[in-house]
Number of protein chains: 2
Amino acid sequence: MSHEPLVRKHSGDFHWEKVDVLKYKQDDTTPFKDVTRQVLFDSQDPPAQLRYFEVSPGGYTTLERHEHVHAVMVIRGHGQCLVGDRAYDIGTHDLVNVPPMTWHQFHAAPEAPLGFLCLVAAERDRPQMPAAGDVPEITKPLRNK
Amino acid sequence: MSHEPLVRKHSGDFHWEKVDVLKYKQDDTTPFKDVTRQVLFDSQDPPAQLRYFEVSPGGYTTLERHEHVHAVMVIRGHGQCLVGDRAYDIGTHDLVNVPPMTWHQFHAAPEAPLGFLCLVAAERDRPQMPAAGDVPEITKPLRNK
């Protein structure tokens with residue numbers, strides 16, 4: 001059974017009752033800029049977490065890939081996402097599907113935050129980062145936007 | 001691997017590219033009013049579905065309970081939900097957790113739709129409806145609001 005209260009009100013500005021604003025990553029060894037994480041639902045059946053990430057204007061998540069998939073819905077602001085070999089403009093209520101072992105990164109617009117829900121399996125593999133020499137090639141679609 | 005396209009744009013008014021608007025229930029034998037269903041993500045790992053339900057102004061979902069849980073976020077409009085022995089006013093970005101075997105029902109406000117995301121396990125039990133004589137007792141919290 002879930003331990004969340006039955007109803008948690010949105011308390012404005014994308015914060016919620018009884019939901020902590022967490023560091024984006026447990027360690028600070030990977031490159032990212034101005035991202036917070038909130039765990040909205042931590043479910044046993046399905047064995048899944050629904051998280052809310054918010055990237056401040058001009059910020060970005062870590063460029064990474066992993067076996068587990070991400071199911072994403074933007075719910076605040078706009079920006080861009082890199083998924084595989086393309087960059088996409090994304091805005092509120094757009095859906096993003098990150099397949100296994102696909103490089104991905106989320107960027108907020110310079111003037112707006114990018115807030116999104118992200119559904120993942122409760123048990124999942126650790127992200128892989130690109131080797132230093134790989135980064136320019138991987139991010140080429142983003143730079144060509 | 002998921003079969004969804006990488007990015008599906010919100011095409012306005014809570015419709016999405018390549019997402020069909022479905023009947024709320026496969027059969028029409030249970031009482032509900034003015035509800036549509038859209039499956040946004042159908043995932044194998046986690047074995048889960050993320051659906052979007054929209055209740056038109058004055059409409060409501062079926063009053064039911066089941067073993068599987070619902071993790072809900074309102075993303076459009078406002079209304080009320082009955083969960084267990086209480087009714088709650090809910091609005092955009094509020095979170096609702098429906099535990100196992102808990103009576104629940106979602107009502108849109110008379111003047112506004114109620115649109116919400118609902119996360120469920122891919123494999124789940126069928127809903128139970130109240131016996132005719134049980135309905136007034138179960139819905140008492142809603143009528144007392």
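Do you know which of the residues in region B:110-138 that are of a type in the set (A, V, I, L, M), farther than 24 Å from B:P57 by Cβ and within 11 Å of another protein chain (Cβ to nearest Cβ) is most open to solvent (accessible area, probe 1.4 Å)?
Ranking the candidates gives B:A122 first.
Do you know which residues across region B:12-35 are in contact (Cβ under 8 Å) with a residue 12 or more places away in the chain and not in a strand (DSSP E or B)?
B:F14, B:H15, B:E17, B:K18, B:V19, B:D20, B:V21, B:Y24, B:K25, B:T30, B:P31, B:F32
For region A:58-68, indicate whether the set of residues that are under 30 Å from B:P100 (Cα atoms), in contact with a strand residue (DSSP E or B) (Cβ under 7 Å, 6 or more places away or on another chain) and either open to solvent by 30 Å² or more (accessible area, probe 1.4 Å) or modelled with pLDDT of 95 or more (or both) is non-empty.
yes
So that you can scan it fast, the table gives a plain yes or no per residue for (1) among the aliphatic types (A, V, I, L, M); (2) facing chain B (nearest Cβ under 9 Å); (3) assigned to a strand (DSSP E or B):
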| site | (1), (2), (3) |
| --- | --- |
| A:R37 | no, no, yes |
| A:L40 | yes, yes, yes |
| A:R51 | no, no, yes |
| A:S56 | no, no, yes |
| A:H68 | no, yes, no |
| A:H78 | no, no, yes |
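If A:T62 meets every condition in (1) within 14 Å of another protein chain (Cβ to nearest Cβ); (2) among the β-branched types (V, I, T); (3) outside any strand (DSSP E or B) apart from one, which number is that one?
Here A:T62 clears every test but (1).
Looking at region A:79-94, which of the residues that are touching a residue at least 24 places away in the same chain (Cβ under 8 Å) and over 23 Å from A:T30 (Cα atoms) is surrounded by the most Cβ atoms within 10 Å (Cβ to Cβ)?
Checking each candidate, the answer is A:I90.
Let's see how each residue does on (1) modelled with pLDDT under 95; (2) over 14 Å from the mean Cα position of the chain (by Cα); (3) of a type in the set (K, R):
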| site | (1), (2), (3) |
| --- | --- |
| A:L95 | no, no, no |
| A:V98 | no, no, no |
| A:F106 | no, no, no |
| A:P113 | no, no, no |
| A:V120 | no, no, no |
| A:M129 | yes, yes, no |
| A:V135 | yes, yes, no |
| A:L142 | yes, yes, no |
| A:K145 | yes, yes, yes |
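Does B:T102 fit the bill of being more than 9 Å from chain A (Cβ to nearest Cβ), outside any strand (DSSP E or B), open to solvent by less than 60 Å² (accessible area, probe 1.4 Å) and touching a residue at least 12 places away in the same chain (Cβ under 8 Å)?
Spelling it out, it is not the case that B:T102 is more than 9 Å from chain A (Cβ to nearest Cβ), outside any strand (DSSP E or B), open to solvent by less than 60 Å² (accessible area, probe 1.4 Å) and touching a residue at least 12 places away in the same chain (Cβ under 8 Å).
Would you confirm whether or not region B:17-29 contains a residue that is facing another protein chain (nearest Cβ under 9 Å), surrounded by 15 or more Cβ atoms within 10 Å (Cβ to Cβ) and closer than 22 Å to A:H10 by Cβ?
no
Being open to solvent by less than 60 Å² (accessible area, probe 1.4 Å), on the phi > 0 side of the Ramachandran plot and among the hydrophobic types (A, V, I, L, M, F, W, C) narrows it down to one of A:F53, A:F14, A:F41, so name that one.
Step by step, each of A:F53, A:F14, A:F41 is checked, and only A:F14 is open to solvent by less than 60 Å² (accessible area, probe 1.4 Å), on the phi > 0 side of the Ramachandran plot and among the hydrophobic types (A, V, I, L, M, F, W, C).
If you take the residues in region A:80-93 that are under 29 Å from A:A122 (Cβ atoms) and not in a strand (DSSP E or B), which one is modelled with the lowest pLDDT?
My answer is A:G84.
The values are calculated or read from the model by the stated rules, or taken from the named source; none is laboratory data. Note that the structure is a prediction, hence the values are computed from the model and not measured. Cβ: placed from backbone, ideal geometry, glycine included. Neighbour counts: every protein chain shown. Side chains are part of the model used for accessible areas, which takes the heavy atoms of the whole protein and leaves out ligands, DNA and RNA. Shrake-Rupley method; radii C 1.70, N 1.55, O 1.52, S 1.80 Å.
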